[in-house]
Amino acid sequence: MYQLSEVESNYRRLFKDFLRNSYINGLKLLLLHSPVHYAKALWLAFLAVIVVWTHIVIVNLTLEYIDQPTEIHMAPNLVHVSNSPFPAVGVCRSSMISKSLMHNYAAKIYQHQTQNGAAVGNGSRYSPLGLEVLADRLLLLSNFYLNADEEAPLDVAELGQLHWLLTSYYNGSEYSVHDILRELTPDCGDLVLRGIVYGTPVNTSQLFIKRATSSGVCCIFNYRRPSYSQYPGQRERDDAEMAALPQVVFESNSVLNGIQFVLQDTHQDDYTLSYFTNTAFRLMIFPQEDYASVQSNKHGEILVDHNTIVEIPVQPKFFDSSAAVRGVTPKVRRCYFPEEGQKLLNQSYYSLDECILLCRINSMLQHCGCASSPMAGTALNVSYCSLLDLPCLMKWRSVWYGFTEYPYVEQDEEAADDASSMAQCPLCLPSCDGVNFEISSNVAPLRRSFNSSGYGHGLLKDLNNDRPLSIIKLFFKLRFAKSTQMNMVGDWIVLLNRFGGILSLMYGFSIISYIEIFYYLTGKWFVFYYRAWLKPRNDSNKIDSVTSSLHWNE
């Protein structure tokens, strides 16, 4: 009992010594006498609440730091829009295939079929197809586009027969669905009739080039992306055509001196398949070197109805990053610098859209072993799908949109949700430097001509309404654009400063206070415990003389 009471006495003396000498504010009040009943207990409870709340704040700050170890500041500035490249403009018809061109193409295949007799393939004989039936079968090629609609199940025998006919028509070589679809679409001169670029009339057939996109073949203005035809010879011709396009100098002028184009659609009886229920033109605005794809382009599409005038103000937004941000990993800063993105894709150009495009190609290759040529959008050496692969592509499309069509690939519904669309591309991040475009639109009705001779003046002079017309106008919205620079303003040192500020503000705490608590709980506590329990009783006087001093006796 003597030893136990002595230990308790030492504990009390140790605790009082800690309260008396500690640098933590508010502890010394516990040693003072107070006439108020339970005053010390209330004060101790108040201190405990402050300590617990403060450390909860510190834990939350630590968790935020673990998730985002750096603080990045966005500093806005104003830059003249003349520093911005004008975006590419893609104009597409609602009908994906022209009926007249489809019949002309079917007539060539029918003539070839007639000259070579009945088609034979894979050890079985196919009955010769009539011209109208063959033309309807060619509509199956539109299933290579990336459309979200549900189509009827495909007949494998019909696909096999059309595949054999196309292979035979191209003398047994691999046919290009991409180039066939381009052949089944009218030329750009038939879609974009006239244009004015900053007050100067232009020949639109020399400014627009025809390219396949994920949802149809479109005519694209101000395009700088190399050709992605399957045939090397066609790629060379397309690149030469693009290089010969006149360079347009863009200005930051008003809507009266912007860029204007007159669009003319085909007759209603030339329509075959339309992605939308209406007949509006589809307008895509995107960076010059990107692939024109609605699924990966954040601007989506602008629908231009027939007999309307659509004004499209374009407002660029510049963004760049300081050298200090390069020291942070891409996963933390959420973006890639140009050389990092180029290394990731192993090519000379990187953007978020480009990364998603290649990710989509890899997804098609993973599920079907080939890629749909209209959706590939790149000249990479990949295996392109034929009509025989179309059922697999349609199932893959369901996977891309988030449906579980591959139970042997996705083990459960949660995994299937994670594998859909953008979740399949976790490595794709935006660029740290570059320019984005904010797009809006204003619509006004286009007055119809009152006589058969057509309009009498202006950009529509001598044009009539036998075929639907529309006008689009594009211009820079403002003379100055916002430029945002990303700077790193915080790291672990800033976090440490926050800890010190919070602890000092609440109760004068510091790192020395933590060391002090550790010292009293280990060194001094061990000394008192050791002397109280291991020293002999007959040395009690000596123990008293030693414990009378609270300093270590080495």
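The values are calculated or read from the model by the stated rules, or taken from the named source; none is laboratory data. Computed from a predicted model, the values in this text were never measured in an experiment. A quick note on method: Cβ atoms are made from the backbone with ideal geometry, for glycine too, and the neighbour counts reach across all protein chains shown. To get the accessible areas, we keep the full protein, side chains included, count just its heavy atoms, and leave off ligands, DNA and RNA. Shrake-Rupley method; radii C 1.70, N 1.55, O 1.52, S 1.80 Å.
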Ordering VAL314, VAL249 from largest to smallest accessible area (1.4 angstrom probe), what's the sequence? VAL249, VAL314
Binned at 10 Å from zero, the C-alpha pair distances of segment 145-226 give percents of 14, 31, 29, 18, 6, 1
Could you give each residue of segment 447-453 its phi-based ³J(HN,Hα) in whole Hz, using Karplus coefficients 6.51, -1.76, 1.60 with θ = phi - 60°, and x for Gly or Pro? 5, 6, 6, 8, 10, 5, 6
Among VAL325, VAL156, what's the order by accessible area (1.4 angstrom probe), most exposed first? VAL156, VAL325
Just to be sure I understand the model, the point goes 7 Å from the Cα along the line to the Cβ. What's the resulting LYS317 to SER205 distance in nm? 4.1
Over 27 Å between Cα atoms: which of LYS331/LYS477; LYS99/LYS473; LYS108/LYS210; LYS317/LYS395 fall into that group? LYS331/LYS477; LYS99/LYS473; LYS317/LYS395
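For ASN346 and LEU78, FRET efficiency with R0 = 30 Å and r from the beta-carbon atoms, rounded to 0.05?
0.20
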Grab the Cα-Cα distance for ALA379 and SER504, subtract it from 0.36 nm times how many residues apart they are, and report the gain in nm with one decimal. 38.8 nm
HN-Hα J in Hz across segment 195-205 - Karplus 6.51, -1.76, 1.60, θ = phi - 60°, x for Gly and Pro: x, 10, 10, 6, x, 10, x, 10, 8, 5, 5
Calculated FRET efficiency for the pair SER173/GLN366, C-beta based, R₀ 22 Å, to 0.05: 0.25
Scan around HIS80 for amide H atoms under 5 Å from its own, H built in the peptide plane at 1.01 Å from N, and keep only partners 5 or more places away or cross-chain. ALA481
With a sphere of radius 15 Å drawn around the Cβ of LEU303, what net charge do the other residues whose Cβ falls strictly inside it have (Lys, Arg +1; Asp, Glu -1)? -2
Added length on full extension, which subtracts the Cα-Cα distance from 0.36 nm per residue, PHE526 to TYR38: 172.5 nm
Given a Förster distance of 51 angstrom, what is the FRET efficiency for ARG12 paired with ALA324, based on the Cβ-Cβ distance and rounded to 0.05? 0.40
